[in-house]
Structures are given as C-alpha cells and as structure tokens.
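Encoded as structure tokens, the structure appears first; notes follow it.
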Amino acid sequence: MSLHRTDSGIPVLTEIIANTPDDAEAAIDLSAPPAMPEPSQPIPAANGADGERELQNKIAAQVLQQLSSQFDALLDQYLHTALPRLLQAAMEGVADQLRRELKENLGPALNAAIKRNIADALQKSDVLENEK
C-alpha cells in the first residue's frame with residue numbers, strides 16, 4: 001500500500017487506522033470520498049494575503065465541521081463492528097492465562113494435599129494396627 005501525503009506533518013487516515021476488520025471494510029468503504037454536504041454559509045471572495053488566509057481558515061473550519069459528523073458516524077460503525085471481536089479475543093487471552101496460572105498453582109497445592117491425606121491415612125492405619 002503506498003501512502004501519499006500532501007503535508008508531511010499530518011498522517012493519512014490509513015496510518016491512523018492501519019488494520020480494519022474485513023466485515024468493517026465491507027460495511028464502511030474508507031477508500032471512497034465522503035459525500036460532502038453543501039456549505040452552510042457562502043464563502044466570500046478573498047481580498048489580498050490576509051483575505052486569502054481568512055478564506056482558507058473559513059474553508060478549513062467548514063470542511064472540518066462537515067467531516068467531523070461523518071467521521072463520528074464512521075468511527076461509531078467501526079467500533080460497533082470491531083469492538084465485539086476485540087473483546088472476545090481479549091477474554092480468550094485472559095481465560096487462557098488464567099488456565100495456565102491455575103494449572104501452575106494447582107499442581108503443587110494438589111500434590112501437598114495428596115501427601116497430607118496419605119500421611120493421615122497411614123497414621124490412622126498405624127494407630128488402628130497398634131490398637132489390635
């Protein structure tokens with residue numbers, strides 16, 4: 001995958017969200033440009049360098065405002081799709097770790113309990129034989 005940057009200080013979306021799940025990609029087409037709604041306010045013509053800078057700022061603010069709602073919707077949909085699988089994988093990892101720790105800790109405790117019970121049983125059998 002080749003990434004094209006227009007500004008080296010700003011990451012592209014594919015750098016931020018590197019691995020999208022397969023079904024999330026089917027539900028969300030990240031490669032298609034978002035549908036842009038009509039600007040809410042007309043943009044005035046630029047007058048000089050200050051006017052051009054002001055115009056750029058207004059355009060950037062409008063674009064950010066329009067994209068933020070679309071990004072929120074995409075993020076919400078992505079989370080609804082990806083989060084259950086991520087949680088399932090995390091739960092499986094925790095369960096596996098708990099099983100390993102239980103086996104490691106249960107073995108010595110079980111051996112000690114068996115030895116104690118055998119020793120108690122032998123001691124009782126010795127007491128019973130001595131009483132005869």
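The values are calculated or read from the model by the stated rules, or taken from the named source; none is laboratory data. Quick caveat, the model's predicted, so the values are computed rather than measured. Neighbour counts run over all protein chains shown; Cβ positions are idealised from the backbone, glycine included.
Among the candidates Leu122, Leu86, single out the residue that is among the hydrophobic types (A, V, I, L, M, F, W, C), assigned to a helix (DSSP H, G or I), surrounded by 10 or more Cβ atoms within 10 Å (Cβ to Cβ) and modelled with pLDDT under 90. Working first, answer last.
On the way: Leu86 fails: modelled with pLDDT under 90.
Only one candidate qualifies: Leu122.
Regarding Asp96, is this residue modelled with pLDDT under 90 and of a type in the set (Asp, Glu)? Explain how you work it out, then say what you get.
On the way: modelled with pLDDT under 90: no; of a type in the set (Asp, Glu): yes.
So Asp96 does not fit the description; no.
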